[in-house]
Amino acid sequence: MKTFNFPFSAYTFDATYSVEDNKIRLYPQQELDREHYDFLKDLGFKWAPKQGQDKTFNGLMFALWTTTREDFALLASNSTFLDMEEMSLIERAAERAARFERYANNRLQDAHDYHQQANQASEAVPAGQPILAGHHSEAKARKLQNTIKRCFRKSDDNIATFNYWIDRIKGVQYFANRKASYSTRSNRIKGLLKELRDVQKKLNNAHYSLTLLNKWLVDFDDETLTRKVKFLCGAPLKATNLAAIPYKGYKAYEGMTAVEIINESIKGHQRTLHSQNIHRWIAHLLGRIGYERGELGECERFEGKMTAAVLQAFARENGALQPKAKQNKDTGEWVLTSLVPLPCHLSDSSELSLSDDEWRDVMQVQGYSVPPKRAPQLPLLNLDVKTISRAKGYQRDKLETLTVIHLTKAEYKAIYEGCRGVTVSACGQFRSKLCHNPKLIKQNSYHYEWVAVFFTDAKAHPVPESNAINYIAESEKVA
């Protein structure tokens with residue numbers, strides 16, 4: 001646990017954690033002075049007024065979870081673990097919407113009062129009575145006129161503020177519903193898995209680099225080590241995309257031999273492997289992923305054919321480094337191996353051997369759904385026809401007719417790649433090459449025209465029956 005030099009013994013806090021929004025909340029029992037408030041602000045905590053839930057004098061401090069903030073919250077609350085937040089996001093949203101509704105009703109009442117004042121002031125003036133210039137009543141009449149205008153203006157301003165709070169209420173309700181929706185939870189799980197892989201990547205790099213650097217010390221002489229250290233210092237490895245010898249500055253390794261630099265890097269990687277901070281992050285992310293998957297419901301069990309590609313994709317999603325799967329012909333079990341130890345929630349070694357059903361159970365527990373196979377692409381045809389029709393951009397109900405021109409592959413490749421591509425026919429049965437009209441390109445014209453392409457030096461495919469094609473007549477072919 002991290003220690004903090006700033007004394008908070010004069011203050012009493014209640015600290016909670018909410019897994020729904022991944023926030024730590026501090027409920028101070030006394031008003032914080034500026035020095036202590038700035039200290040919390042530097043840690044990343046923000047002030048939220050009017051959310052004390054009768055725990056504090058007028059608000060709370062909140063921040064997203066990190067190991068440092070958790071350590072401080074435990075220290076400030078004098079606890080060994082954080083209590084779970086009593087108020088859910090839905091309850092918090094309902095309380096916030098009720099508060100906004102009070103604000104909106106107050107503004108509506110103010111608008112009504114100002115409108116009433118304007119009407120009462122108007123009743124003092126007979127209908128159609130003009131202001132008499134130079135008369136002794138002119139000053140009073142103009143003052144009354146300004147009062148009426150001011151009341152109507154304030155009434156309109158309060159109506160605008162009322163509409164603003166109504167929109168805020170809608171936003172609070174929408175946000176609360178969206179946070180709990182299936183698509184949002186699914187995307188949140190994807191983001192958490194990405195964070196998990198980023199943290200696991202540091203451990204994978206440490207394991208891989210330790211093996212690599214120790215091998216260097218055994219296999220190479222000093223001259224070769226010096227050359228390798230100079231070449232690879234700060235350079236990412238192909239396997240892990242992180243450096244085995246980190247770059248620490250222009251003069252960080254000045255006066256050190258290659259062996260000393262490697263030994264220092266080895267110590268750094270060993271510190272990474274034994275880092276409590278990294279392991280706490282992994283445990284925290286796994287807990288959040290488990291909660292979100294629990295809210296989504298039980299994952300559907302994979303009943304398809306187990307293949308090496310399925311297992312490798314599953315392992316990669318969970319942070320394994322270059323996993324390889326192979327079936328043992330004798331036992332029928334699938335053996336999953338990696339260059340480094342597998343993630344701790346899968347195995348404590350670099351190899352895991354399970355049967356088909358056991359792998360299906362593991363994938364179901366981890367909430368992994370095998371992605372469906374992509375639909376095969378439409379065939380790319382080289383057709384010698386007059387025209388080919390396609391949908392016009394995003395206007396799917398409108399068609400665009402492309403004239404077919406004859407080009408060689410070399411001529412087509414010479415066209416800038418941003419001016420050529422592939423399009424789908426209007427009938428949806430095939431694809432065809434297209435490009436900007438080369439004649440207009442040679443003329444340096446600002447006008448461009450898309451045309452379909454028939455390659456004269458490639459195999460011509462049989463022309464299918466389609467209403468998107470304008471065929472060449474037999475007589476024209478002979479001619």
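The values are calculated or read from the model by the stated rules, or taken from the named source; none is laboratory data. Here the structure is a predicted model, which means the values were calculated and not measured. Positions of Cβ are generated from backbone atoms using ideal geometry, with glycine treated the same way; all protein chains shown enter the neighbour counts. These area figures cover heavy atoms from the full protein model, side chains too; ligands, DNA and RNA do not enter into them. Shrake-Rupley method; radii C 1.70, N 1.55, O 1.52, S 1.80 Å.
Key figures
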quantity: Environment charge at residue 4 (Cβ cut-off 15 Å; Lys +1, Arg +1, Asp -1, Glu -1); calculated: -2
quantity: Chain lengthening between residue 30 and residue 144 when straightened (0.36 nm per residue, less Cα-Cα); calculated: 36.0 nm
quantity: Average Cα contact separation per residue, the chain, under 8 Å, 6 or more apart, as relative contact order %; calculated: 9
quantity: Cα convex hull of segment 360-475 - mean projected area over all directions, nm²; calculated: 11.8
quantity: Cα-only radius of gyration and Dmax that characterise segment 197-244, units Å; calculated: 11.5, 37
quantity: Along principal axes, Cα extents of the chain, largest first, whole Å; calculated: 102, 84, 55
quantity: Where segment 239-395 is the region considered: accessible area per residue in Å², 1.4 Å probe; calculated: 58
quantity: Potential extension, residue 120-residue 461 segment - 0.36 nm per residue separation minus Cα distance; calculated: 114.1 nm
quantity: Within segment 230-358, percent of DSSP bridges classed antiparallel, to nearest 5; calculated: 90
quantity: Furthest towards positive pole of dipole, 176, 165, 200, structure part segment 151-205, Cβ charges; calculated: 200
quantity: Rg to Rh, two decimals, where segment 79-133 supplies the alpha carbon set and Rh follows Kirkwood; calculated: 1.53
quantity: Computed [θ] at 222 nm, deg cm²/dmol, the chain (DSSP H ≥ 4; -39,500 (n - 2.57); rounded to nearest 500); calculated: -15500 deg cm²/dmol
quantity: Value of relative contact order over segment 353-432, rounded to a whole percent, pairs C-alpha under 8 Å and six or more apart; calculated: 30
quantity: Note, ³J(HN,Hα) from phi for segment 93-105, Karplus 6.51, -1.76, 1.60, rounded to Hz, x at Gly and Pro; calculated: 5, 5, 5, 5, 5, 5, 5, 5, 5, 5, 4, 5, 5
quantity: Point-to-point label distance, residue 19-residue 232, nm (Cα→Cβ direction, 7 Å offset); calculated: 4.1
quantity: Mean Cβ neighbour count within 10 Å, used as a protection proxy, ranking 98-104, 367-373 highest first; calculated: 98-104, 367-373
quantity: Linear extension gain, residue 431 paired with residue 195, 0.36 nm per residue minus alpha-carbon span; calculated: 81.0 nm
quantity: Exposure ranking of 453, 362 by accessible area [1.4 Å probe, largest first]; calculated: 362, 453
quantity: Relative contact order of segment 163-250, defined on C-alpha pairs under 8 angstrom at six or more residues apart (%); calculated: 19
quantity: Simple spin-label estimate for residue 242 and residue 291 in nanometres, 7 Å along Cα-Cβ; calculated: 2.6
quantity: Peptides ranked, highest mean first, by Cβ atoms within 10 Å: ranges 304-314, 428-438; calculated: 428-438, 304-314
quantity: Whole-percent carbon and sulfur share, accessible surface of the chain, 1.4 Å; calculated: 52
quantity: Calculated FRET value between residue 470 and residue 373, using beta carbons and R₀ = 22 Å, to 0.05; calculated: 0.05
quantity: Rg [Å, one decimal], Dmax [Å, integer] - segment 257-394, C-alpha atoms; calculated: 22.4, 73
quantity: Convex hull of Cα atoms in segment 319-383, direction-averaged projection (nm²); calculated: 7.1
quantity: Set 386/409; 248/324; 179/326 screened for pairs whose C-alpha atoms are more than 29 Å apart; calculated: 248/324; 179/326
quantity: Long pairs among 50/149; 194/373; 46/170; 46/267; 194/398; 2/46, criterion Cα-Cα beyond 32 Å; calculated: 50/149; 46/267; 194/398
quantity: Of 370, 394, 291, farthest towards positive along the dipole that unit charges on Lys, Arg, Asp, Glu beta carbons give segment 268-408; calculated: 394
quantity: Accessible surface of residue 46 - all protein chains present, 1.4 Å probe, nearest 10 Å²; calculated: 130
quantity: Environment charge at residue 300 (Cβ cut-off 14 Å; Lys +1, Arg +1, Asp -1, Glu -1); calculated: 0
quantity: Point-charge dipole on Cβ atoms (K/R +1, D/E -1) for segment 338-419, about Cα centre, debye to 20; calculated: 880
